[in-house]
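K.L.:
Attaching a single structure in structure tokens format; questions to follow.
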Amino acid sequence: MERMLLKRKRGFTLIELLVVIAIIAILIALLLPAVQQAREAARRSQCKNNLKQIGLALHNYHDNFRTFPPGDVRRTYGSGVQSWTTSQLGWIPRILPFLDQAPLYNQINWEMESGVSAAPNNNIRREKLPVVRCPSDSSRQPSGTYGPTNYMACRGTGASSTANISGSIFAQNSNVRIRDIEDGTSNTMMVSETFASAPLCSDQPSGGVCPASCQTSGFPAYTGGAQQGFSWFWAQVYEAHYYGTVYGPNHEQPDCGGGSSTTAAILAARSKHTGGVHVLVADGAVRFASNSIDLQTWRDLGAPADGNVIGEW
């Protein structure tokens, strides 16, 4: 009688199993950075697209009103007379109709005086608008606070917000037209990035030195308390509307929020992108400015009519 020999199936040994697990772990470790880079590339592309939309909206505003919107509006500097609350509704609210936000724009009471906290303006400020947020920045404010933004208008090297055509396109009570940009629209910055919220000046990395006049409490402190740090909103006080070119992109000098009139809100352009910041140029193009950009070139880009020649950047 012929015998049938049954072969037993051989399983994995413990060593073989550990080797397979190790190989899988190595593959995941190699793949993860690539996935993260792909995600950041997508977020960076979305940020660039946001700025392109903002640039198109600014030019549509100019086509309608023959001027770019004012950075912010203040009725008077006289003592005893309050500024308009609309001075706390700067350039972004004015381009809402060109960002597909006409219903929100139509709710704004442009005549509401300072100190009036009733609706609708306060409710409008709480709207979260994706078009003014960089997806690479995960900064979050507590729920119920004003809608944050990552995008600020350039006000050149000036620390105050008074209008100055040689200093910036956007300023207090400004009405700059394309023809006023004497250096050329491709040589002048309009908008760049910042963090939606940042630590207090005194809490930032020690690479820079806090100015003596810089407040040690948050400014503006609308995030639930003075110790919450800087938080910038698309429809709030004028300091939240501008970045300056005193320092280059992502400079180690901490942002200063407060102090004397000559140092109020000295903010650098900043981003969570590696190596630099996105810049919206006055011709509507979006370019990437490296952290290592020549400082004088950076300052020249912030001035629309200084007459300086700008090289490659």
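K.L.:
Which members of segment 69-112 meet the condition of being touching a Lys or Arg at 6+ places or on another chain (Cβ under 7 Å) and modelled with pLDDT of 90 or more?
P.N.:
Pro69
Table: residues versus (1) at pLDDT 85 or above; (2) among the hydroxyl-bearing types (Ser, Thr, Tyr).
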{"site": "Thr223", "(1), (2)": "no, yes"}
{"site": "Gly229", "(1), (2)": "no, no"}
{"site": "Tyr247", "(1), (2)": "yes, yes"}
{"site": "Val277", "(1), (2)": "yes, no"}
{"site": "Ala289", "(1), (2)": "yes, no"}
{"site": "Asp294", "(1), (2)": "yes, no"}
{"site": "Ala305", "(1), (2)": "yes, no"}
{"site": "Asn308", "(1), (2)": "yes, no"}
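K.L.:
Within segment 1-33, take every residue that is modelled with pLDDT of 70 or more and surrounded by fewer than 10 Cβ atoms within 10 Å (Cβ to Cβ) and give me the one that is nearest to the chain's Cα centre (by Cα).
P.N.:
It comes out as Pro33.
K.L.:
Still on this structure: Can you list residue pairs whose Cβ atoms sit under 9 Å apart, with the first residue in segment 27-40 being within 16 Å of Pro135 (Cβ to Cβ) and the second being surrounded by 10 or more Cβ atoms within 10 Å (Cβ to Cβ)? Count only pairs 6 or more apart in sequence or on different chains.
P.N.:
Glu40/Ser136; Glu40/Lys272; Glu40/His273; Glu40/Thr274
K.L.:
When you look at His273, is it touching a Ser or Thr at 6+ places or on another chain (Cβ under 8 Å), modelled with pLDDT of 85 or more and either assigned to a loop (DSSP other than H, G, I, E, B) or among the β-branched types (Val, Ile, Thr) (or both), yes or no?
P.N.:
So His273 fits the description; yes.
K.L.:
Scan segment 169-196 for residues that are outside any loop (DSSP other than H, G, I, E, B) and either within 28 Å of Ser139 (Cβ to Cβ) or without any contact (Cβ under 8 Å) to a residue 40 or more places away in the chain (or both) and jot them down.
P.N.:
Filtering segment 169-196 down to residues outside any loop (DSSP other than H, G, I, E, B) leaves 172, 178-180, 185-187, 189-193.
Listed by number, the residues that qualify are Gln172, Arg179, Met189, Met190, Val191, Ser192, Glu193.
K.L.:
Any residue at all in segment 249-258 that's under 25 Å from Lys52 (Cβ atoms) and either touching a Gly at 6+ places or on another chain (Cβ under 6 Å) or at pLDDT 90 or above (or both)?
P.N.:
yes
K.L.:
Still on this structure: Do we have Ser117 as farther than 24 Å from Pro69 by Cβ, within 14 Å of the chain's Cα centre (by Cα), modelled with pLDDT of 55 or more and surrounded by fewer than 17 Cβ atoms within 10 Å (Cβ to Cβ) here?
P.N.:
Numbers: farther than 24 Å from Pro69 by Cβ: yes; within 14 Å of the chain's Cα centre (by Cα): no; modelled with pLDDT of 55 or more: yes; surrounded by fewer than 17 Cβ atoms within 10 Å (Cβ to Cβ): yes.
The answer is no for Ser117.
K.L.:
Those residues that are β-branched (Val, Ile, Thr) and surrounded by fewer than 22 Cβ atoms within 10 Å (Cβ to Cβ), I need them from segment 279-313; list them, please.
P.N.:
Val281, Val286, Ile293, Thr297, Val309, Ile310 - these are the residues of segment 279-313 that are β-branched (Val, Ile, Thr) and surrounded by fewer than 22 Cβ atoms within 10 Å (Cβ to Cβ).
The values are calculated or read from the model by the stated rules, or taken from the named source; none is laboratory data. As the structure is a prediction and not an experimental result, all values here were calculated from the model. Every residue, glycine among them, receives a Cβ derived from its backbone with ideal geometry; neighbour counts consider all protein chains shown.
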